[in-house]
1. Can you order the peptides B:112-122, A:66-76 by their average number of other Cβ atoms within 10 Å per residue, highest first?
2. Along each of the three principal axes of the Cα atoms of segment A:133-283, give the extent in whole Å, ordering the values from largest to smallest.
3. If you wrap a convex hull around the C-alpha atoms of the protein assembly as shown and split its volume per residue, what is the figure in Å³?
4. To the nearest 0.05, what FRET efficiency results for A:Asp206 and A:Ile31 with a Förster distance of 35 Å applied to their C-beta separation?
5. At 7 Å along Cα-to-Cβ for each site, give me the label-to-label distance between B:Lys112 and B:Leu189 in nm.
6. Under 17 Å from a label point 7 Å along Cα→Cβ of A:Ser234: give me every residue in segment A:98-120 with its amide N that close.
7. Counting only heavy atoms of protein chains, what accessible area per residue, in Å², does the protein assembly as shown have with a probe of 1.4 Å?
8. To the nearest 0.05, how large is the calculated FRET efficiency for B:Glu48 and A:Ser215 if R₀ is 30 Å and r is the Cβ-Cβ distance?
Amino acid sequence: MAQPQQQPERYTGESLPAWSLPAAASAEIGIGVEWPERVTRDWALGGSTGAGIRVCILDSGVQPDHPLVGALEGAVALRKTEDGEIVVEDDTEGDLCGHGTACAGIVRSLAPDCRLFSVRVLGAGFKGSGSVLLEGLRWAIGQGFDVINMSLSTTKKQFSGLLHELADSAYFRRTVLVASAHNMPVESYPWRFSSVISVGSHEEADPLTFFYNPSPPVEFFARGVNVEVAWIGSARIRSSGNSFATPHMSGICTLILAKHPELTPFQLKSVLYLTASNVGGAK
Amino acid sequence: MTDQNLQAAVSAGVMSAESEHRALLQSIVEVARAIFSAKAASIFLHDEEADELVFEAVAGEGSDSLIGTRFPSSTGVGGWVLVTRQPLIIDDLEQDPRHSRETAESTGYVPKAMMSVPLLHDERALGVLNVLDRSKEIEFSLGQMDLLGLFANQAAIALDLLQRARHARAVLNESGGDAGVIARIASALEDLDEEQREPVLRLLAALDDVLRADVPF
């Protein structure tokens, strides 16, 4: 089993070249792929199985041998030591809640050939979870995953600045951050940041139906009601919540990226818009 | 009014506030249970010191014996909801063998379905509201999720008031005649996050030193 690199790469800021485009360089930034006149679902993801795309489930861990999840390519857990230091270790406990397994199973059901990884930021000793969540995200971005599923949020304002910086960093490094929107009237992060793909629930049963929301901050709605999901103990349960809509959107992103690996997060969002069920997706 | 009289008056106010806030919490779970035609509804307070979830109000199954019962908040659906601040609706819960066993051992009642929502006040997650085994005739919809969220808002406000009342009482119990000022400072401190609290505590410690030192001005 291939493990992700164990040493977390610290985000230390982008290099700062002069941001300009001399006339002689304009030919060098041509876009390799020609988009069709009408971007359709079939062009975007038809025939894709998510092959090769590395998807990280940042959650409560994942039960590795669950029949609905299949093989995990790597699993780590973050833990706060008594000295307050946060360490990244191989995860030997799997899932302590069931939720991460559920998210992983949804992504797998949509993108059967994707490469799944688990980064556990929840579990024994939930205290101080904000800083563990932050470090887990920083570590995952450092690994260069293609998609990071975040079916969680924090309400702590003290973390919002750093989370925003990390979300932008992911965006510029071609890691797509898919985050659950809150369905209660509270401020929480990172879903409110425009550099992530934020997801709420719709009530329809088709896993590939998703809607663009013309009234942000929530950008997309995906299936999140009465979903059969994987659960610990190799169980299957029915569950509802935005946290299950999010892996549906992660799965759809995975399918598109497997077929069009050159897409930046900006371009991917554009494809999602053009193929949303209320835009052009039904055509 | 003497200091002793003032303390007695404030204490009486705080004491009655606690029982009223408790009644409000109880009323919220009763209504939540009725609206969803559920077998039970409960509110847990998160005891940050012990990192445990404590039953504060229960309606329906187990309501007689559960108040004050504690669970570790580090595992399970309630813990996940508390930490992630995301509501979670689960059906077929009996298929989760660990949940069934742990719940049965601690409450004697094993729900088949659970709606769990965090109780959020400002930046803090104060606890969790659970609705167990809603009527099977009510198919889950996003409208129900919104309704649950509204109850959660109400419960969070009541829980915050209850916590403040308890804190004020503790301060009163420990302090002398100047309890009113101390209670106000303690209440303000409670609202600060860790970073803001630390310099204020240092300032108070310095003030304490000055007062104890009997420094001539």
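The values are calculated or read from the model by the stated rules, or taken from the named source; none is laboratory data. Everything numeric here is computed off the predicted structure, so don't read it as measured data. All Cβ positions, glycine included, derive from the backbone under ideal geometry; neighbour counts span all protein chains shown. Surface accessibility is based on the protein's heavy atoms, side chains included, excluding ligands, DNA and RNA. Shrake-Rupley method; radii C 1.70, N 1.55, O 1.52, S 1.80 Å.
1. B:112-122, A:66-76
2. Extents along the principal axes: 37, 36, 33 Å.
3. Hull volume normalised by residue count: 187 Å³.
4. 0.65
5. With each label placed 7 Å out from Cα toward Cβ, I get 5.1 nm.
6. A:101-102, A:105, by backbone N distance to the label point.
7. Heavy-atom accessible area per residue stands at 45 Å².
8. Computed FRET efficiency for B:Glu48 and A:Ser215: 0.25.
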